[in-house]
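To start, the structure under review is shown below, and the notes come after it.
Here, each number is a calculation from the coordinates, and none is a lab measurement. Only a predicted model underlies this, so the values are computations on that prediction, with no experimental measurement involved. Methodologically, a virtual Cβ is constructed for each residue, glycine included, from the backbone with ideal geometry; neighbour enumeration extends over all protein chains shown.
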Amino acid sequence: MSTGLVLGVETSCDETAAAVVEKGCEVRGNIVSSQVGKHSPYCGVVPELAAREHLENIHMVVGEALGTAGVGLDKIAAVAVTNGPGLLPALLVGVNFCKGLALANDLPLIAVNHFLAHIYGAFLDGATSDLYDDASYPMIALVVSGGHTSLVKVESSGVAEIVGSTVDDAAGEAFDKGAKLLGLGYPGGPLIDKGAHGGDPRSFAFPRGLTGAAGKPLAPENRFNFSFSGVKTSLLYHSRRNGLILEDGDMTRNIRISEEASPELLRDTLASYQQAIVEVLCSKMLDAAEFFGAKSLVVCGGVACNSRLREEMSRRVPENIALKIAPPKYCTDNAAMIAGIAWHYLKNGISHGIDTDAFSRMSSPILTAPWK
Ligand code: KG4
Ligand code: ZN
């Protein structure tokens, strides 16, 4: 008889994470080792550096997850691992480690799609039953992170279709690159979120990409797509024009904020920049909700930590539509979402062979959610 305990491992980007989750919902141990300190000098994730760090930490992180859960591998029913999408060198560390673990302990190996796992993570705080309820569908999920900005329509059958994605940068990248441009540090999202507090979000009119604003007609195929490269470029020009940055270097250099720049100007700039990103995310999600007749909405991924996004979504979503915003600890990359979703494969007798490969990008916009 299966214990229902799944050990999950996540190494798709710059967090080495492991978790033990019981029957898809009870998180028994959840360890995340962040590499932020290693990547911050580069203001972005260096894939080979991430892989080396994963290799160094994975053994310890898995041991800690098991220790926190108070179980040994003998109690584990399956090993689950993110096999994509993500940074290939980083993914390979987790995938190969878990293959070895599964083989050595005669356990099934379950390969998990990181993107679908982010959606699942929104329900890990005791709300997984909402996922099984047909009344929640169609569901529209906004997966918004450093690697993704996509709108996904999930049907009660479990078919999950990506109906819109970014045509250039992800929203998380817009936060990270914006913060880099202003010399604030990495990762940019939390720093901009904090720095924008008290600022006036209406101070400066940053562009709202692919919304049909600014008189540019929106092509129908871009209705649910996103673009964040314009707002980033606009921030560069704005910062030069207003003397916010010390030198007008390009986006790849570290730039310091001018000491003469007023703190109010910086706060208003950050608040307005953040508002431009948040408004596009909200309006596209609400438009998709109306168009597809959504019964529930999900906001997940690292950017879902953003306080302004959480506020605006909560304020703007109509009362007749259920809104689930992932709890912050399950927004950013973690392995609880991996172990949780994997239980549904295990329950249905599905495992993936030892020849399972890692992949960097999704090959199809249609996925199958295993929880339905
Ligand atoms: O989901 P995640 O941990 O990794 C990926 O799968 O990409 O997301 C990381 C992203 C980073 O771009 C980070 O700046 C952003 O999430 N982020 C935020 C906030 N916290 C994290 N963005 C805006 N506001 C935040 N509070
Ligand atoms: Zn992620």
> Just how large is the dipole of the stretch 47-112 about the Cα centre, in debye to the nearest 20, putting +1 at every Lys and Arg Cβ and -1 at every Asp and Glu Cβ?
Replying inline: 120 debye
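Sorting check: for 157-169, 213-225, which peptide has the highest mean count of neighbouring beta carbons within 10 Å, and how do the rest follow?
Details: 157-169: 17.3, 213-225: 12.0.
My ranking of the peptides, most packed first, is 157-169, 213-225.
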> Given charges of +1 on the Cβ of Lys and Arg and -1 on the Cβ of Asp and Glu, with all other atoms neutral, how large is the dipole of the stretch 1-86 about its Cα centre, in debye to the nearest 20?
Replying inline: 120 debye
> When ranked by the protection proxy of mean other Cβ atoms within 10 Å per residue, highest first, what sequence do the peptides 97-103, 46-52, 117-123, 302-308 form?
Replying inline: 117-123, 302-308, 97-103, 46-52
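If R0 is 25 Å, what FRET efficiency do you get for Y237 and K194 from their C-beta distance, rounded to 0.05?
0.55
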> What value, in deg cm²/dmol to 500, does the helix sum -39500 (n - 2.57) over DSSP H runs of n ≥ 4 give at 222 nm once divided by the residues of the chain?
Replying inline: -12000 deg cm²/dmol
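Applying 1/(1 + (r/R0)^6) with R0 = 25 Å to the Cβ-Cβ distance of A214 and I321, what FRET efficiency is obtained, to the nearest 0.05?
The formula returns an efficiency of 0.30 here.
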> How big is the charge dipole of the chain about its Cα centre, in debye rounded to the nearest 20, if each Lys and Arg gets +1 on its Cβ and each Asp and Glu gets -1 on its Cβ?
Replying inline: 420 debye
> Using modelled amide H (1.01 Å from N, peptide plane; none on Pro or chain starts), what sits under 5 Å from the amide H of A80, excluding residues fewer than 5 places away?
Replying inline: L7, G8, V9, I110
> Using alpha-carbon positions, what is the distance between the centroids of the stretch 104-162 and the stretch 283-303, in Å?
Replying inline: 14 Å
>> Going by amide H atoms built from the backbone, whose H comes under 5 Å of the H on V299, apart from near neighbours?
In response: L142, K324, I325, A326
> Which Cα, out of L88, G37, S363, lies furthest along the positive dipole direction of the chain (beta carbon charges, K/R +1, D/E -1)?
Replying inline: S363
> How would you order 182-191, 143-152, 55-64 from highest to lowest mean count of nearby Cβ atoms within 10 Å?
Replying inline: 143-152, 182-191, 55-64
> Points 7 angstrom from Cα along the Cβ direction at R202 and A104: gap in nanometres?
Replying inline: 6.1 nm
>> Can you give the FRET efficiency to the nearest 0.05 for I366 and D74, using r as the Cβ-Cβ distance and R₀ = 41 Å?
In response: 0.60
